[in-house]
1. Arg40 - would you say it is surrounded by 15 or more Cβ atoms within 10 Å (Cβ to Cβ), of a type in the set (Lys, Arg) and in contact with a Gly (Cβ under 7 Å, 6 or more places away or on another chain)?
2. Within the stretch 123-135, identify whether any single residue is more than 18 Å from Thr54 (Cα to Cα) and outside any helix (DSSP H, G or I), and answer yes or no.
3. Do you know which of the residues in the stretch 7-29 that are exposed (fewer than 13 other Cβ atoms within 10 Å of the Cβ) and farther than 12 Å from Arg112 by Cα is modelled with the highest pLDDT?
4. So, of the residues in the stretch 84-114 that are under 16 Å from the mean Cα position of the chain (by Cα) and under 20 Å from Arg169 (Cα atoms), which turns out to be surrounded by the fewest Cβ atoms within 10 Å (Cβ to Cβ)?
5. For the structure I just gave you, tell me whether Gly93 is on the phi > 0 side of the Ramachandran plot and not β-branched (Val, Ile, Thr).
6. If Thr54 passes every condition in (1) touching an Asp or Glu at 6+ places or on another chain (Cβ under 7 Å); (2) part of a loop (DSSP other than H, G, I, E, B); (3) hydroxyl-bearing (Ser, Thr, Tyr) but one, which one does it miss?
7. Which of the residues that make up the stretch 162-187 are of a type in the set (Ser, Thr, Tyr) and either surrounded by 13 or more Cβ atoms within 10 Å (Cβ to Cβ) or in a helix (DSSP H, G or I) (or both)?
Amino acid sequence: MLSNDGWPVERGRKGLSVWRLNRILSLIQKRIQLLSEIDREIPIVWSTMHMYTTMQLAKLIAIQRKLDPELAGLVCAFHDIYTLLTGQYNDHGVLAEKYIREIIKEYNEIARDELPIITTTEIECIISSAKVHSNKLTKEVNEYSELLKDIDSLDSYLAGTSPGRTSGRIPRINQLFEALNIDHKIE
């Protein structure tokens, strides 16, 4: 059975349980379709690509770290939502909260159909992770914040962005490669 936006309502048993994430992505995609490239610091296509690639990488690493892949995907889907929707980068992690709450409220109150709500605890995890993700030098207690910092670093590197010597990204990327048994090291 499909919902009004084309996503399955019933959860399958063979795949990951990511139906809430998929529904959130459809809500974000509707907003993306209304955007313009005018006065943007970061192009829409790059922001959209980064959202999807971090989300997919996060689910994979969450499985490896025995974390909830769907929550990891939600954290990554929302971490740069301010930049995606406004085109602006300054303080984007902190400024994301308004958009995170707005989109999740729409999901919880209107768009979720029979799917479970995104809980207050999950919302706070998503928001707190977004707020701290730019500071790669600090270690967070929240495992999802740490996951986000690692994945954001790796995805930027894979997209060709220089990791910077003092950014804190290089150790995070190298630790991920080691954990994944990938023989590659950034010097």
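The values are calculated or read from the model by the stated rules, or taken from the named source; none is laboratory data. What you see is a predicted model, and the numbers here were worked out from it, not measured in a lab. All Cβ positions, even for glycine, are placed from backbone atoms using ideal geometry, and neighbour counts span all protein chains on display.
1. yes
2. Within the stretch 123-135, not a single residue is more than 18 Å from Thr54 (Cα to Cα) and outside any helix (DSSP H, G or I).
3. Gln29
4. Step by step, filter the stretch 84-114, then rank; the result is Val94.
5. no
6. Every listed condition holds for Thr54 apart from (2).
7. Within the stretch 162-187, just Ser167 meets the criteria.
Conditions (1) of a type in the set (Val, Ile, Thr); (2) closer than 22 Å to Asp80 by Cα; (3) modelled with pLDDT under 95, marked per residue:
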{"site": "Glu140", "(1), (2), (3)": "no, yes, no"}
{"site": "Tyr144", "(1), (2), (3)": "no, yes, no"}
{"site": "Lys149", "(1), (2), (3)": "no, yes, no"}
{"site": "Leu158", "(1), (2), (3)": "no, yes, no"}
{"site": "Thr161", "(1), (2), (3)": "yes, yes, yes"}
{"site": "Gly164", "(1), (2), (3)": "no, yes, yes"}
{"site": "Leu176", "(1), (2), (3)": "no, yes, no"}
{"site": "Glu187", "(1), (2), (3)": "no, no, yes"}
